[in-house]
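What follows is one structure encoded as structure tokens, with my remarks underneath.
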């Protein structure tokens, strides 16, 4: 595999050439990111794909049971948001420069209809702190509801955990509301939220766990604002994310 010459950017096409030991082009090889399959295959000597998040990624391929050389791809986000934060786990403080707020959808939880949210705080070493939580909704009548943004006092049923850069779960809370979270939002735009996210009074692995992030957070909307889902809670979504999180999921055609 040949390292691309150009600087690489988020959501822009990346091309990697691949040859066998006789310098013949290889078609049909699958690209692996951090050892995990991406479902991206080579064609006419090239892997062609995009990466959806800034970071450093080690890729290689395995073709006819032979591993290729590995290369590092450093991907930069030209439209990166600006913020700073940190989180504490097992006595270690992790420094962060990137966070993401995601609206997950409207959920029926017992007799309540709630807005589902998640927050990811990315440490500079690749460790990630995850939060899943609910806020109230606004009842519009006729079975339709509108999401309510998180604030200093309306966040409930919080779950949290921390995952290493190699997707190993370092620990998680076992019960909702095992920690206190507040979110002071000053501005909302189509792709980012500006505000202060704070988590206190938590415990993971028997140690104090807390987190904060101040500044711009990437904003992602994954579901319709007015779609109330029956029989599915954010706890389920949280567990699925823990099970399936992978750097390979950031690679796409």
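Among the listed residues 98, 82, 50, which satisfies the condition of being within 22 Å of residue 163 (Cβ to Cβ) and in contact (Cβ under 8 Å) with a residue 12 or more places away in the chain?
Selected residue: 98, the only one of 98, 82, 50 that is within 22 Å of residue 163 (Cβ to Cβ) and in contact (Cβ under 8 Å) with a residue 12 or more places away in the chain.
Just wondering, is there one or more residues in the range 71-88 that are in a loop (DSSP other than H, G, I, E, B) and on the phi > 0 side of the Ramachandran plot?
No: zero hits.
Of the residues 205, 151, which single one is surrounded by fewer than 16 Cβ atoms within 10 Å (Cβ to Cβ) and farther than 21 Å from residue 88 by Cα?
151
Within 26 Å of the chain's Cα centre (by Cα), modelled with pLDDT under 90 and not in a loop (DSSP other than H, G, I, E, B), is that true of residue 61?
no
The values are calculated or read from the model by the stated rules, or taken from the named source; none is laboratory data. It should be emphasised that the depicted structure is a prediction, and the values quoted were computed from it without experimental measurement. Don't worry about glycine lacking a Cβ; one is built from the backbone with ideal geometry, like all the others, and counts go over all protein chains shown.
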